[in-house]
Amino acid sequence: MFLTRVERGGLASDVYQRIRDAIFSGELTTGARLDVRELAEALGVSSQPVKEALSRLSLEGLVVIRPRVGTFVRTLDIADVEHILDARLMVEMFSVTHMPAEIDGDRLNQLEQAAIHLEQLAGTQPFSYMTYNETDIRFHETLVEMADNPELVRLYRSLHAHYVTARGYYGRAHEKAIANEKDHRVIFEAVRAGRGDKAAKAVQDHIMAAKNGLRQLMKL
């Protein structure tokens, strides 16, 4: 195990970030058993922040905790990925076609700022995929929030769809970001114009491109 040791500042957050990054990069491989003591030793910390990190990662759908058996990096096959992205597609398309006539100005501004930030990140070197992914999550969650349906937001977050995409594209992250650079702007402009039909088509194209790309990558 080659995880780098954690500095003492921001301990719990750093442990979570290190383990999560190791899962995305494949350093901790799909299906691998995660031993708390081994992780703690590799990171140079006590067991408690590792346990907290694994619990958080479980809530995000990145690891699976099986009582009395162990904790494992979640295994995803093509069918899992397609089902998750199909569900995400349904929620986002419903959201953009069921927004109130008067769109919340603060949320619209948040959507625009996230789109701008994504464009900036796509053109930045060195490219930070994890920062890009978190901004992408913020953009799409804001999009769903704009439908003013808390249950829809809760359902959307439970899918953990962006983490699935991040894991699949990690090795080709910058290439994907550049390819999708304009998508978020197109979605935002359609929402701002009150064109739910146009926004739904842009969302569909965006998610289907990710789905088709992951399908090809997972067959390699």
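Bear in mind these aren't lab numbers, they're just calculated from the coordinates by the rules spelled out. Note that the structure is predicted; figures quoted are calculated from it, not measured. A quick note on method: Cβ atoms are made from the backbone with ideal geometry, for glycine too, and the neighbour counts reach across all protein chains shown.
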Between region 59-73 and region 86-161, the Cα center-to-center distance that results, in Å
27 Å
Which of the peptides 97-103, 78-84, 178-184, 50-56 is most tightly packed, and how do the rest follow, going by the mean number of other Cβ atoms within 10 Å of each residue?
50-56, 178-184, 78-84, 97-103
Which whole DSSP H helices in the chain pass both tests: a Cα extent of 15 Å or more along the axis and a mean Kyte-Doolittle value no lower than -0.5?
11-25, 47-59, 78-96, 105-122
Using 1/(1 + (r/R0)^6) with R0 = 35 angstrom and r between the beta carbons of D86 and R33, what's the FRET efficiency to the nearest 0.05?
0.70
What order, most packed first, do the peptides 64-76, 159-171 have when packing is the mean number of other Cβ atoms within 10 Å of each residue?
159-171, 64-76
Relative packing of peptides 129-138, 14-23 - highest average C-beta neighbours within 10 Å first
14-23, 129-138
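Let me check I have the definition right: for the chain, take the eigenvalues of the Cα gyration tensor, multiply each by 5, take square roots. What are those semi-axes in whole Å, largest first? Present the calculation step by step, with values, prior to reporting the outcome.
On the way: eigenvalues 211, 64, 62 Å².
Square roots of five times the eigenvalues give 33, 18, 18 Å.
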